[in-house]
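Report on the structure given below.
The values are calculated or read from the model by the stated rules, or taken from the named source; none is laboratory data. Since the structure is predicted, the reported quantities are computational estimates derived from the model, not experimental observations. So basically every Cβ, Gly included, is an ideal-geometry build from the backbone, and we count neighbours across all protein chains shown.
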Ligand code: TYD
Ligand code: MG
């Protein structure tokens, strides 16, 4: 028998190296190589057989394209991020911080799906009794839900093949353990191997598989990035565990749009969908405060109003702090440089903190204008006019660039009672929007005028 080899696997890209190095030779990431023992059986033939039966080369035009049937979960906000429902044979990865509600959401979804076919919940984290207790608390019926408390991959795949459930949830992929590898559960090689084997089963049997994954401190899924490549859909839970709101975002979706957002509220009976979430992310100050600006962001097909806050304070150390929560920190540094260079606003001796209210993460550049306004407002200790919102990207040359779907953002703001908007000139609507006074800005210098 061949000797078991020691390999070093990169936790970022999944690449391998024969010896330990500080830097992954494949993706260049530092400190990501971890030692694993690859048993010789892992490389045996059948595991890497093609996913589907081989077919001859055919013309693309001759292949009948059928729209895949959707199996809605019955939870509207969840279906929205999935692109309408689950697709047979699809593998969905859902990640998020511990305690954010992954198990809760999927138990609710399975209970609802069980009305239309057999479903299986595999738990490697909790005992069967704990899951039953949760179901009881959620008030969902466990009548149609099969439960398997198991972490051994071989047992799980056997159950999947024998029972052929329509949908199966694996809670969580990091607890699974394949007997063919000697590495510990949760290690890169185990996670990768288990996910690959389960994906194979899903494609062969048509079971829709939902894998739950944990995230590391820096917000990435623990285990190799390859996990994101092999699955069809990647969803992330976002939100502040201290508030009751939870966001589920599609990062990748082979069957729908990405960046679609589902909004939930955690209640004592589990997660409830929030169909009109715009008002949630506004802090609701009793009076006008400096350093706050509302922006209209576009999340998938839905406009969302979010409050952006900034605090600018005299720095007491030579390198002032720049900190952003829920907004891109590299853009903050850029924005401060543009404000200085083109609008003469100097912050080199000031600490600057910015925050998106409600634990929401805004990654689109259209947040720039609202961030700049909040910063200016905090610096001057002067509140922005009440009922004002802003959006637009600020370029390095100081120009203000339009944001996609400007009209929809403005309409949403008008619907929620906003009275003034500051937008890039190209986003000026052709027809006026009732109740909204819209001011167009071309350059970052013009933004200063909003506060005076
Ligand atoms: P859980 O689904 O166990 O999180 P995860 O699987 O992502 O780790 O969620 C647990 C949290 O949700 C816990 O803090 C308690 C809370 N919770 C409620 O507020 N209401 C409920 O009905 C349930 C079941 C949980
Ligand atoms: Mg859980």
Breaking point among (1) more than 16 Å from ligand 1 (Cβ to nearest atom); (2) within 21 Å of residue 254 (Cβ to Cβ), for residue 73:
(1)
Does segment 82-129 hold any residues that are more than 10 Å from ligand 2 (Cβ to nearest atom), in a helix (DSSP H, G or I), in contact with a strand residue (DSSP E or B) (Cβ under 8 Å, 6 or more places away or on another chain) and closer than 22 Å to residue 177 by Cα, and which are they?
128
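Look at segment 156-192 and say how many of its residues are within 16 Å of ligand 1 (Cβ to nearest atom) and part of a loop (DSSP other than H, G, I, E, B).
Initial filter on segment 156-192 (within 16 Å of ligand 1 (Cβ to nearest atom)): 169-176, 186.
Then drop every residue that is not part of a loop (DSSP other than H, G, I, E, B), which leaves 172, 176, 186.
The number of residues fulfilling the criteria is 3.
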How about segment 109-136: which of its residues are surrounded by fewer than 16 Cβ atoms within 10 Å (Cβ to Cβ) and within 10 Å of ligand 1 (Cβ to nearest atom)?
126, 130, 133, 136
When both residues are 6+ apart or on different chains and their Cβ atoms are under 7 Å apart, which pairs have a first residue that lies in segment 96-108 and is closer than 17 Å to residue 360 by Cα, and a second that is within 6 Å of ligand 1 (Cβ to nearest atom) and part of a helix (DSSP H, G or I)?
96/102
For residue 233, state whether it is crowded, with 16+ Cβ neighbours inside 10 Å and modelled with pLDDT of 80 or more.
yes
Residue 121 versus (1) under 20 Å from residue 264 (Cβ atoms); (2) touching a residue at least 60 places away in the same chain (Cβ under 8 Å): which is the lone unmet condition?
(2)
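Yes/no matrix, rows are residues, columns are (1) surrounded by 15 or more Cβ atoms within 10 Å (Cβ to Cβ); (2) modelled with pLDDT of 95 or more:
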| residue | (1), (2) |
| --- | --- |
| 396 | no, yes |
| 412 | yes, no |
| 419 | no, no |
| 430 | no, no |
| 434 | no, no |
| 442 | no, yes |
| 447 | yes, no |
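Would you check which residues across segment 179-189 are surrounded by fewer than 24 Cβ atoms within 10 Å (Cβ to Cβ) and closer than 21 Å to residue 125 by Cβ and list them? Steps first, please.
Within segment 179-189, the subset surrounded by fewer than 24 Cβ atoms within 10 Å (Cβ to Cβ) is 179-187.
Selection gives 179, 181, 183, 184, 185, 186, 187.
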For the structure I just gave you, tell me whether residue 308 is touching a strand residue (DSSP E or B) at 6+ places or on another chain (Cβ under 9 Å), at pLDDT below 90, at negative phi and not in a helix (DSSP H, G or I).
no
Could you identify the single residue in 106, 93 that is crowded, with 21+ Cβ neighbours inside 10 Å, in the same structural domain as residue 261 (by TED's automatic domain parsing), within 10 Å of ligand 1 (Cβ to nearest atom) and closer than 16 Å to residue 250 by Cα?
106
